[in-house]
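The values are calculated or read from the model by the stated rules, or taken from the named source; none is laboratory data. Only a predicted model underlies this, so the values are computations on that prediction, with no experimental measurement involved. Here the Cβ positions follow ideal geometry from the backbone for every residue, glycine too, while neighbour counts run over all protein chains shown. Quick note on the areas: whole protein, heavy atoms, side chains included, nothing else; ligands and nucleic acids left out. Shrake-Rupley method; radii C 1.70, N 1.55, O 1.52, S 1.80 Å.
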Amino acid sequence: QVQLVESGGGLVQPGGSLRLSCAASGSIVSIYNMGWYRQAPGKQRELVATITSGGSTAYVDSVKGRFTISRDNAKNTVYLQMNSLKPEDTAVYYCYGDFGLLQSDIINLRRGWGQGTQVTVSS
């Protein structure tokens, strides 16, 4: 199994910044893609940013130039630096990772999810 623990959400004024962290633990043999989704009230979950094991990144258009995804492979952690925040960024943010997990002497590929952290952008 794998556990992902998120931190860093909160309330911020428009134009402000937040940094989300997501640390993975468990019987992890390897980590492939990691990323962040968000879900605003009444809306579908949206993929915000992804990062490959090699460090290649991709972003939804609405956050390009404002958000930066990064990862620390030694700490099994993915980050989302969010700058110039807007009210429309308000949502619950969920991290995910694609893992190779050691289970009964077999490596299985599994996607793990964080518990979600609330980001509210409001004056």
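Just a yes or no: is a residue in the range 34-44 touching a Pro at 6+ places or on another chain (Cβ under 8 Å) and open to solvent by 50 Å² or more (accessible area, probe 1.4 Å)? Outline the logic, then answer.
Initially, the range 34-44 is screened for residues touching a Pro at 6+ places or on another chain (Cβ under 8 Å), giving none.
Within the range 34-44 (the criterion being touching a Pro at 6+ places or on another chain (Cβ under 8 Å) and open to solvent by 50 Å² or more (accessible area, probe 1.4 Å)), the answer is no, since none of the residues qualifies.
Could you tell me whether any residue of the range 103-115 is open to solvent by less than 60 Å² (accessible area, probe 1.4 Å) and on the phi > 0 side of the Ramachandran plot?
Of the residues in the range 103-115, the ones open to solvent by less than 60 Å² (accessible area, probe 1.4 Å) are 103, 108, 112, 114.
Then drop every residue that is not on the phi > 0 side of the Ramachandran plot, which leaves none.
There is no residue in the range 103-115 that is open to solvent by less than 60 Å² (accessible area, probe 1.4 Å) and on the phi > 0 side of the Ramachandran plot.
Which is open to solvent by less than 30 Å² (accessible area, probe 1.4 Å), hydrophobic (A, V, I, L, M, F, W, C) and touching a helix residue (DSSP H, G or I) at 6+ places or on another chain (Cβ under 7 Å), of Val119, Val78, Val63? If you could, list the steps in order and put the result at the bottom.
Values: Val78 fails: touching a helix residue (DSSP H, G or I) at 6+ places or on another chain (Cβ under 7 Å); Val63 fails: touching a helix residue (DSSP H, G or I) at 6+ places or on another chain (Cβ under 7 Å).
Among Val119, Val78, Val63, only Val119 is open to solvent by less than 30 Å² (accessible area, probe 1.4 Å), hydrophobic (A, V, I, L, M, F, W, C) and touching a helix residue (DSSP H, G or I) at 6+ places or on another chain (Cβ under 7 Å).
Looking only at strands (runs of 3 or more DSSP E) that fall completely inside the range 31-123, which ones have 2 or more residues that are within 15 Å of the chain's Cα centre (by Cα) and of a type in the set (A, V, I, L, M)? Walk me through it before giving the result.
Values: elements: 46-51, 57-59, 67-72, 77-82, 91-103, 106-113, 117-121.
Correct list: 46-51, 77-82, 91-103.
Specify which of the listed residues (Ser53, Ser21) is touching a residue at least 12 places away in the same chain (Cβ under 8 Å), surrounded by 14 or more Cβ atoms within 10 Å (Cβ to Cβ) and among the hydroxyl-bearing types (Ser, Thr, Tyr). Lay out the reasoning, then the answer.
On the way: Ser53 fails: surrounded by 14 or more Cβ atoms within 10 Å (Cβ to Cβ).
Every option except Ser21 fails the conditions.
Check whether at least one residue in the range 7-20 is over 16 Å from Met82 (Cα atoms) and within 13 Å of the chain's Cα centre (by Cα), and report yes or no.
Here is the first cut: in the range 7-20, the residues over 16 Å from Met82 (Cα atoms) are none.
Within the range 7-20 (the criterion being over 16 Å from Met82 (Cα atoms) and within 13 Å of the chain's Cα centre (by Cα)), the answer is no, since none of the residues qualifies.
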